[in-house]
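Reading through the structure tokens given below for one structure.
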Amino acid sequence: MKDIFFCPEESNFYSNCLENFVFRNCKSSESIVEFGSGDGRPVINSLLRNKFNGVIQGFELNTSAWKVANSTIDEYNLTNKYIIHNLCLFNSSQPDAEYLVANPPYIPAPDDDIYMPLLFGGVDGATLTNDLLSLDYKNVLILISSFSNPINTLNIAKQNGYYVQNFLVLPLQFGYYSSEPKVKKHIEELRKNKMAFYCGNYYFLAGVLFTKRQESVIDLSNQLAQVMTSL
């Protein structure tokens with residue numbers, strides 16, 4: 001539901017994270033579940049640039065975005081690799097997969113009466129992000145905003161048995177939706193409570209690969225926390 005409202009930088013960043021942390025690490029038979037596929041552009045662009053022989057099952061609640069995505073999937077003959085369901089992942093029988101990937105809505109606000117309600121991520125912006133980390137997928141690639149209570153998300157991930165295996169960080173300017181006066185004022189309040197981190201008109205967006213693998217891995221949680229709180 002979110003991709004239709006991506007800025008180009010954010011869409012490209014999501015694609016880069018998919019390629020570096022998921023597609024290039026996947027074996028040919030592995031499967032992926034995507035929450036909030038939107039118009040499908042990040043995954044489609046990544047599939048066109050990378051060899052991937054598995055199957056991606058996306059879930060998109062917005063019917064208009066779902067129709068656009070399926071039209072593009074047909075255009076590029078990707079129907080055997082990318083299947084998008086016009087359903088909510090949380091309300092469906094969740095498919096088995098090695099990876100869950102998502103760029104969930106992360107705009108924080110007191111309520112969803114904002115310019116674009118589909119981008120509402122809860123009071124602290126991290127509600128859907130944290131819910132996705134409760135689904136118990138082995139690997140989760142997710143985009144996290146520095147103004148959406150990132151430290152709490154890292155703590156919840158740890159409670160659910162996840163470690164930060166890798167991450168990329170992109171500095172972004174506040175956009176039209178995050179600059180709405182009601183939203184900006186709320187983010188300022190979160191900042192006072194050390195739940196939001198930004199500098200001037202800039203914030204960080206991190207693409208984070210969480211893993212539940214039990215073998216010896218380097219946990220980069222502390223490094224990510226330092227970066228996300230540095231603004």
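Summary of values
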| item | result |
| --- | --- |
| Residue (of P8, Q173, N20) at the positive-pole extreme of the chain, dipole from beta-carbon charges | N20 |
| Inverse mean reciprocal Cα-Cα distance (Kirkwood Rh) of the stretch 16-59, Å | 10.6 Å |
| The chain, helix-only ellipticity at 222 nm - DSSP H runs n ≥ 4, -39,500 (n - 2.57), divided by all residues, nearest 500 | -8500 deg cm²/dmol |
| Kirkwood Rh in Å, taken over all unlike Cα pairs in the chain | 17.7 Å |
| Accessible area per residue, Å², the stretch 93-231 with all protein chains present, probe 1.4 Å | 45 Å² |
| Packing-based ranking, highest mean first, of 39-45, 152-158, 177-183 given that Cβ atoms within 10 Å are counted | 39-45, 152-158, 177-183 |
| Protein accessible area in the chain, 1.4 Å probe - carbon and sulfur % | 48 percent |
| Euclidean distance of C-alpha centroids, the stretch 127-165 and the stretch 167-231, integer Å | 12 Å |
| At most 15 other Cβ within 10 Å, DSSP loop - GluC sites (Glu not before Pro), the stretch 127-215 | E215 |
| In sequence order, calculated HN-Hα J values of the stretch 105-115 (Karplus, 6.51, -1.76, 1.60; Hz; x Gly/Pro) | x, 9, 6, x, 6, x, 7, 8, 7, 10, 3 |
| Rg to Rh quotient for the stretch 160-222, alpha carbon positions, Kirkwood Rh | 1.11 |
| Per residue accessible area of the stretch 12-79, 1.4 Å probe, in Å² | 44 Å² |
| Three semi-axes of the equivalent ellipsoid, the stretch 1-127, Cα gyration tensor, whole Å, largest first | 24, 15, 15 |
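The values are calculated or read from the model by the stated rules, or taken from the named source; none is laboratory data. No experiment lies behind these values; they were computed from the predicted model shown. With ideal geometry, Cβ positions are generated from the backbone for all residues, glycine too; neighbour counts draw on all protein chains shown. Keep in mind that these areas ignore ligands, DNA and RNA; they rest on the heavy atoms of the full protein, side chains included. Shrake-Rupley method; radii C 1.70, N 1.55, O 1.52, S 1.80 Å.
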